[in-house]
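First the structure, in the form of structure tokens, and then the observations on it.
Every number here is computed from the coordinates shown, using simple stated rules; none is lab data. All of these numbers come straight from a predicted model, not from anything done at the bench. Note that each Cβ is placed from the backbone with ideal geometry, even for glycine, and that neighbours are counted across all protein chains shown.
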Amino acid sequence: MCRAPLALALGAVIVLTGCAGRRIENGVYHSEKGYRLTLPGADWSVATGSKADLELRHQEGLAAMLANAECDERARSRSAGLLLGQLLIGLHDRATIEQNEVSVNGQRALHRVLDGRVSEDGVPTRIEAYVWKDGACVYDFAYAAPPASFEAWRGDFRRFVESFAKERAD
């Protein structure tokens, strides 16, 4: 499989981006925006040059995930549904597989799984996304992989999302 289409897929879902520092200690990412995440394991590496707070690529090049927070009034004033829609701008031929509201470490989050293409003639990509907000920030998490291999690393992504914790009070 080609690595470029997957890179484009995750690039397409990065709409609310920031340029926070990336500090990783003992497998835990610490954001300057006041949250932390546990990295999913040795099969994942940090992507350089990403506009997201943290973007990870699977060593086989078939999957990627990202975490991002936007901590300004403009982002916080938008509804979570609108924010989720913005996260998925640029995807063509969208077909929703799952869409619901879930709890992520006590936070109410919108969750969506869908198939789409980065361009009208692009390769199919399955994306899972979570968006939630609190008094300080809006948090976006996305995972992208070809539909045939999506389930192979979905558990890694879910553990990554569930590891989210605030490091400072709002």
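Can you pull the one-decimal nm distance between simple spin-label points at Glu32 and Ala152, each 7 Å off the Cα toward Cβ?
Simple spin-label model gives 3.6 nm for this pair.
Which lysines, if any, have their Cα less than 19 Å from the Cα of Lys51, not counting same-chain residues under 8 positions apart?
Within the straight-line limit of under 19 Å, Lys51 reaches these lysines: Lys33.
Enumerate the calculated ³J(HN,Hα) couplings along segment 102-113 in order (Karplus 6.51 cos²θ - 1.76 cosθ + 1.60, θ = phi - 60°), each rounded to whole Hz, writing x wherever the residue is Gly or Pro.
Per residue, the Karplus-derived 3J(HN,Hα) values read 9, 9, 10, 6, x, 9, 6, 10, 8, 10, 8, 10 Hz.
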